[in-house]
Amino acid sequence: MIHTAYSGASLHDARLREAYKVCLRLLRRRYPSESDCLAVLPAKVLLSLSPVLASGSVIDDLSDNGAASADERAGQASAWIRMLEEDIERGDSTDPVRRAMAHLTRTLDLPADSVRLMHERIARDAVKATPQTWQEWAEYQRAALGPILIAVDCVTSRLGAPLIMSAGHEAALVDAMLGFQLTDDLTDFAEDLERGYVKLPAEALDGCGVSAEDLLARRWTPATARLVRAATERARAWLQPQEPTVHWSITSALLTRAFTNVYLAALHKVERAGPALLSQKVTLSSAARQRILLPTRAAAAVAWKLSPYARHTPTAPTPHEQRAAADLSGRLPAPRGRMLPPAPHPSGARPPVLNPAALPRHVAVIMDGNGRWAADRALPRAEGYRAGANALRDVVDGALEIGLPCLTVYAFSTENWNRSSTEVEAILDVVRDNIADQELFDRDLRFCWAGVPDGLPKDLVDGLRERERTTQHRTSLTFTMCVNYGGRSELAQAARSLARAAMAGEINPAHIDQRALARHLPHPVPDVDLLWRTGGEQRTSNFLPWQSSYAELLFTPTYWPDIDRRDLWQSITTYTQRQRRYGTAPIENTAPMSSSK
């Protein structure tokens, strides 16, 4: 199948074929179990992933070179990353792994920042600081695993088999991989001790009465046995199938199933290894791995035939898509320098002084009145949406100025497909413009997308996902854009997910409550404090019905294109003057009445 994949990937050049073969051989030699798990993917996807994973393996080896100092290891890894970037720029390399990576990056138009971040996070492993607590260990692993998942998703998404479906899905995958990583640490325990490393946190050792010196001296004691037992139990808890909280793609579902089954078997061998765990690596035989993976591979063969991937064939873009791709495809890097502050309002207006404790955490906005604004001016409705884009940028700046944690806007609903094709295209063009607005995304905001890809142009879906990737580590404002979103549809998705979980025995129907349903919502949008609709209409139009159950509602008459940050500040001021009771009785004023006239 791999030979067919070479042709499918247009690898007709002998040097390129050899480069990809080197990557595959490196993975099979360095990570035999993981390579077997990855074989549940279509051959072309696996072949395309091999340079990404092989380059990460090279950097990991440079970072783990025990013969060098930490500074030397970090320098070697950084030098390799610089050479890779130069090779990508040239489109070729004398090193086969970098040659394949350069070809893949240029062929699939991968975002350079995502690849660089993955490599830099792997290179950080050159500093072998032992975590003190399990929380520190998990935070370190999340920081390292997230960029790897994003880089993999960049490849699989380009090939029509996305790994990550949303920001919430990415977080769930990273959490699942904590179990994979801990199992890997346990199977490699002897090799790490040989290099002088104890990767388990000090909290785990202290809790079992084990010292790092005993482990490095290979002393097996009852306390050591307790340590291994406690660590394997923790790993197994992470590996056991959990209640699904988000919708998983075929790629992530199959890979998670394959890795989980193999790692559970590896944990069983770790438990049975006893004192040998301190002196030799724990491995599963090739035959054992094939036996374990057989059911998953059979399921994969059927799944890929029935999935959209089987029908995914790159086609020549339309002129409209070509224009959009010039802005979106692979041209949305995160800013490299200091992020820009919010632009000041032209009038010099400053946000009002409000009690921080009284501010809403999450404001959701229905940006209504664009078409009527244009009609009042005898303009095409499309001009109203374009004017609305300018209003949105100013409102985002105003949210940043006032320190609002979350802002969500309703950009395109599932019901909007009922409008004319001209108007639909105009709305989606404005969404493209918003996503491609680099000045906007030079602000300190984290972008999230709520909605489904069904029916949306591929270039727009890629742009939305890419903005999520490149801003995921921002901390100031979470800016969510609802594109192709419907609240009832979201609730139906949650119901289907709960039903599947109940049928699979993963949840007892009698235990389904509000929290269980909330965990199955596909989009991690927090509860809304203030739902604001412009344009004079007084309805919520299928917008965040679950999250807005206790939101304060505010309807204002101004059409959206005439809105600016001052309207946002006024809306927030109005919110601070309301009393939120959540179903309780109003607070009575028991203070004595004033005697003043």
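Structural remarks
- Crossing angle, helix 14-30 versus the chain [Cα axis fit, 0-90 degrees, rounded to tens]: 80 degrees
- Rounded to the nearest 10 degrees, the inclination of helix 70-90 to the longest alpha-carbon principal axis of the chain is 70 degrees.
- Residue-span extension gain [ASP206 to HIS511] - 0.36 nm each, minus C-alpha spacing: 106.1 nm
- With respect to the chain, whose longest principal axis is taken over its alpha-carbon atoms, helix 286-306 is tilted by about 30°.
- Spacing of the modelled spin labels on ASP437 and ARG28, each 7 Å from Cα toward Cβ, amounts to 5.1 nm.
- Counted charge near ALA382, where neighbours are those whose Cβ lies closer than 14 Å (Asp, Glu -1; Lys, Arg +1): +1
- Estimated inter-spin distance, MET83 and ARG106, nm [label 7 Å along Cα→Cβ]: 1.8 nm
- Taking 7 Å steps out from each Cα toward its Cβ at ALA499 and ARG142 produces label points 3.3 nm apart.
- Computed [θ] at 222 nm, helices only, for the chain once each DSSP H run of length n ≥ 4 contributes -39500 (n - 2.57): -18000 deg cm²/dmol
- Maximal additional length on extending the LYS305-THR574 stretch stands at 91.3 nm, based on 0.36 nm per residue less the C-alpha distance.
- Spatially near lysine pairs across the chain, Cα under 26 Å, sequence gap of 8 or more or different chains: 10
- Volume per residue for the chain equals 214 cubic angstrom (convex hull of Cα atoms).
- Geometric extent, Cα atoms of the stretch 151-277 - Rg, Dmax (angstrom): 17.0, 51
- Three principal axis extents of the stretch 438-541 based on alpha-carbon atoms, in descending order, are 50, 35, 30 Å.
Each reported figure results from applying straightforward, stated rules to the coordinates on display, with no laboratory input. Model, not experiment: these values are computed from the prediction. Every residue, glycine among them, receives a Cβ derived from its backbone with ideal geometry; neighbour counts consider all protein chains shown.
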